[in-house]
Amino acid sequence: MNLKDWDKEYRDFLDSESLNPPEILSQNILNAVRGELNPSKGKVLFKMLLGQTVGAVMTLFICPQFHMGFLSDEYVFHFFHRTFGDFGCMMACGMLFMGTGALVASVILKKNEFRALGSYRNLYYPAVSLVGLSVFFFLGAKIYLTFASGWLLGGMLGSFLAFQFIAFVKRKLLHS
């Protein structure tokens, strides 16, 4: 198309009779846009918990504690325990377990879902860390306050760092 054709088409468009779409169509479009811009907190929480669960199961394949993983000889556990002590070992375990889950969760969240978390994101880290620790308790793990506090601190720190890392990567990818 040359410039004259574009100009003629534009003038025809301006001279044409305006048509209003049916009200139901307008409402459906508005509701769809509103739903995309403001996703429900329940949907976002479900996606986060799903990602957290997938990540948690992935880490169990390298965790020697439940004898499910590839590293059941406990070499990794002993390495962390010797290197960082009891508290540091539990902190590293919490960071790995919760950080991996948060990494998976933050990858599957869309930008608008990430934004919808807002200030609730800071409540998410301790809440999900407590849920993770509770799951271990109900699975029969013996929970000691010293170890649990290290694990919780590591879990919150791991989740926070994973979310921040993915947010940083997403910003860089979107702006590059």
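The values are calculated or read from the model by the stated rules, or taken from the named source; none is laboratory data. Predicted model, so just to flag it, every value in this text is computed and none were measured. Heads up, the Cβs are rebuilt from the backbone with ideal geometry, glycines too, and the neighbour counts pull from every protein chain shown.
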Out of all the residues in region 136-154, which are surrounded by fewer than 14 Cβ atoms within 10 Å (Cβ to Cβ), closer than 27 Å to Lys47 by Cβ and without any contact (Cβ under 8 Å) to a residue 12 or more places away in the chain?
Phe137, Phe138
Which residues, counting only those in region 161-176, are surrounded by 12 or more Cβ atoms within 10 Å (Cβ to Cβ) and free of Cβ contacts under 8 Å to residues at least 40 places away in the same chain?
Gln164, Val169
Could you please find all residues in region 1-42 being under 17 Å from Ala127 (Cβ atoms) and touching a residue at least 60 places away in the same chain (Cβ under 8 Å)?
Lys41
Val128 meets each of (1) closer than 29 Å to Val33 by Cα; (2) buried (at least 21 other Cβ atoms within 10 Å of the Cβ) with one exception, condition (1)
Given the residues Gly69, Gly51, which is the only one that is surrounded by 13 or more Cβ atoms within 10 Å (Cβ to Cβ), at pLDDT 85 or above and on the phi < 0 side of the Ramachandran plot?
Gly51
Note on region 76-109: residues hydroxyl-bearing (Ser, Thr, Tyr) and either touching a residue at least 60 places away in the same chain (Cβ under 8 Å) or under 18 Å from Ala127 (Cα atoms) (or both) are Thr100, Ser106
